[in-house]
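Chemist: For reference, the structure I am asking about is given below.
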């Protein structure tokens, strides 16, 4: 099944304890698309400025990523600059230049309207619904959001959630959206808003999924060195939804494998700046790392 | 196999967002012993004051816990008072009255000297070695420690670690002991100090174990409400080591099951103040919760 993704395509300037990267390719739709494209064809919807050249498009070319929905307009590409703490567990945003992203009005090419899976990246919830309205009859609709929208446009977020089957957010966002500290209680409240499946991303502490079959917990892969966490959550979403679309299934067993595949892709993402590690993968190395998660978590019955 | 445990037996005064408990039974050896006694006989070594009466001993009686090593001397029992934050993720110690625990000199009854498994709870590392020297030929030696000793007596901690097969500590302690932020690097450094098996407790984020077979990650059970986290780490150790002793095995497969059993017991501990929930369990309810961990973590191969 093909996946339509809408989100940001950006330049990131990142400082970590291990180094500095200047205006490298980033943005939620970029990480998502490259990760998902290892499993399913991706239809990308986004906007870049006239400073986004062929050398940047090269990351997407030669992959199962349709770029007809990547609009290029006059002006500068969205630029985010951040600095991570020594332990990589917190980051400060130093600047956010929305540039052409500020007035983004997603346009869905006719060729994308039959997409079976839709991922509404973290944009204005009103725009998320406008995108969704242009897709004919998607089988699975997933979305992301953030505290900026949860606080700024709560009614719009909830209106969008009514149309969504899978919500992927982090633990803080789940707590803010539900007003509950316990993630078990938060999940009950959020699932009642619409999404039957809630995936809570906890960074280095892994992922919790809540669906109609119950709870599923997956660890993050413990790594010698996390080089740059930027994009790990979007990469998780890409691996998760790309794999799920490739199975054609939506049951609990497929969702669990999809969580592990998302975690697998995220574990690669953090090993280098930007999409550098994600761009050099192949299915055998991805599948080998999936098996590492099996070894990491297996235990016998009593 | 029988387990000798040395540690604190205390009164705790605890405030959580859900309530207040005044001078209730606590201490590392108390939580450990009750949890372990569901699986293996326990030989308890500790000290209490003359304010520790039959009503408190009642928690241990009628269980597989030998109390001949629980010394009772003139003075007051160790008393700890703490207050948890609203999210239960941090706590302030309001007061620590060591009382009779301050001059604790563990004495090992002759009947305990054949114990096959030893758990050196979090006491002065010099005392830990004195206890160990009084046990004839233990098959498994496990221990705990804390930042107070890691900073205050680093050479003594390392001397003790040379004699230990299994170290159970939390993530902050693992980082302090090794000087490494990455838990993978920390584990390599700590395993080189002696303990072939390192179990890192991460509270609500579960447990990571590092042994000669590799890494094992176990989640904590997501709960509707964590009532009082006091004693969860010691209860984990009791379930872990009690179960391991009951198997007579020390290989990776048994260690993994033991981690899940420790997590199972800890998930009960936090449901009530003091040992209240631990005291009312039976093997069928324990085994049923172990199976919840199986459902929580299982996923299929690709």
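Chemist: Starting from the Cα coordinates of the range B:237-302, work out the convex hull volume and express it per residue in Å³. All intermediate terms of the calculation are to be shown ahead of the outcome.
Modeler: Details: hull volume 6.2 nm³, N = 66.
Convex hull of Cα atoms, per residue: 94 Å³.
Chemist: Which distances in nm, rounded to one decimal and ordered from shortest, link the label point of residue A:291 to the equivalent label points in the other identical copies, with labels set 7 Å from Cα toward Cβ?
Modeler: 3.2
Chemist: Just to compare against my own numbers: the Cα pair-distance distribution for the range A:146-270, 5 Å bins, whole % per bin, please.
Modeler: 2, 11, 21, 24, 20, 14, 6, 1, 0
Chemist: Of B:86, B:67, B:255, which is the most mobile in a GNM of chain B whose springs link Cα atoms less than 10 angstrom apart?
Modeler: Comparing B:86, B:67, B:255 in the GNM, the peak value goes to B:86.
Chemist: Take the eigenvalues of the Cα gyration tensor for the protein assembly as shown, scale each by 5, and report the square roots as semi-axes in whole Å, largest first. Before the final figure, lay out each step's value.
Modeler: Working: eigenvalues 501, 108, 93 Å².
After scaling each eigenvalue by five and taking roots: 50, 23, 22 Å.
Chemist: Now for a separate question. What fraction of the DSSP beta bridges in the protein assembly as shown is antiparallel, stated in percent and rounded to the nearest 5? Kindly include the intermediate steps, with their values, before the conclusion.
Modeler: Details: 42 of 102 bridges.
Around 40 percent of the beta bridges assigned by DSSP in the protein assembly as shown are antiparallel ones.
Chemist: Per-residue mean of other chain beta-carbon atoms within 10 angstrom of the beta-carbon, peptide A:257-263?
Modeler: Per-residue shielding by partner chains comes out at 2.
Chemist: How big is the Rg/Rh ratio for chain B, C-alpha atoms only, Rh by Kirkwood, two decimals? Write down the numbers at each step before the final one.
Modeler: Details: Rg = 17.9 Å, Rh = 19.2 Å.
Result for chain B is an Rg/Rh of 0.94.
Chemist: For the range B:81-151, what does the relative contact order come out to in percent, with C-alpha contacts under 8 Å and a separation of six or more? Don't skip to the end; give the middle numbers.
Modeler: Values: 72 pairs, mean separation 18.9, N = 71.
Contact order relative to length: 27 percent.
Chemist: I've got another one for you. If you average the sequence gap of Cα pairs under 8 Å that are 6 or more apart and divide by the length of the range B:204-292, what percent do you get for the contact order?
Modeler: Numbers: 115 pairs, mean separation 27.0, N = 89.
It rounds to 30 percent for the range B:204-292.
Chemist: What gaps in nm, shortest first, separate residue A:224 from its twins in the other copies when you place the label 7 Å past Cα toward the beta carbon?
Modeler: 4.6
Chemist: What does the copy distance list look like for residue A:95, label position 7 Å along Cα→Cβ, in nm and ordered from shortest?
Modeler: Sorted ascending, the copy-to-copy spacings read 5.6 nm.
Chemist: If you take every DSSP beta bridge fully contained in the range A:2-69, what fraction is antiparallel? Give it as a percent rounded to 5.
Modeler: Working: 6 of 13 bridges.
Given both bridge residues lie in the range A:2-69, the antiparallel proportion sits at roughly 45 percent.
Chemist: Determine which chain A residue has its Cβ at minimum distance from the rotation axis mapping A onto B, giving the value in whole Å.
Modeler: A:205, 2
Chemist: A further question on this structure: Roughly how many nanometres apart are two label points built 7 Å out from the Cα toward the Cβ at residue A:139 and residue B:20?
Modeler: Calculated label separation equals 5.9 nm.
Chemist: Hey, got the Cα dimensions of the range A:218-257 along the principal axes, in Å, largest first?
Modeler: 34, 17, 11
Chemist: Report the far tail of the P(r) of the range B:66-209, meaning the percent of Cα-Cα pairs longer than 21 Å.
Modeler: Values: 5243 of 10296 pairs.
Within the range B:66-209, distances greater than 21 Å cover 51 percent of Cα pairs.
Chemist: Just to be sure I understand: of the beta bridges DSSP finds with both ends in chain A, what percent are antiparallel, rounded to 5?
Modeler: 40 percent
Chemist: I'm a student and want to see the number: the projected area of the Cα convex hull of the range B:64-143, averaged over all directions, in nm².
Modeler: On the way: hull surface 29.1 nm².
Mean projected area of the Cα convex hull: 7.3 nm².
Chemist: Residue B:85 versus residue B:192, label points 7 Å from Cα toward the beta carbon: distance in nm?
Modeler: 3.4 nm
Chemist: Based on DSSP H runs of at least 4 residues, each adding -39500 (n - 2.57), what is the mean residue ellipticity at 222 nm of the protein assembly as shown after dividing by all its residues, to the nearest 500 deg cm²/dmol?
Modeler: Working: 20 runs with 204 residues, N = 604.
-10000 deg cm²/dmol, from helical runs alone.
Chemist: Between Rg and the Kirkwood Rh of the range A:99-168, both from Cα atoms, what is the Rg to Rh ratio?
Modeler: Working: Rg = 12.0 Å, Rh = 12.5 Å.
With Rh from the inverse mean 1/r over Cα pairs, Rg/Rh is 0.96.
Chemist: For residue A:181 paired with residue A:159, estimate the spin-label separation in nm (one decimal), with each label point 7 Å from Cα along the Cα-to-Cβ line.
Modeler: In this crude label model, residue A:181 to residue A:159 measures out at 3.4 nm.
Chemist: So for the range B:7-150, what are the equivalent ellipsoid semi-axes in whole Å, largest first, each being the square root of 5 times an eigenvalue of the Cα gyration tensor? Each step should come with its number before you reach the end.
Modeler: Working: eigenvalues 134, 59, 49 Å².
They are 26, 17, 16 Å, listed largest first.
Read-outs: derived from the displayed coordinates by stated rules, not from any lab. This one's a predicted model, so the numbers in the text were calculated from it and none came from an experiment. Counting neighbours? That spans all protein chains shown, and the Cβs are built from the backbone with ideal geometry, glycine included.
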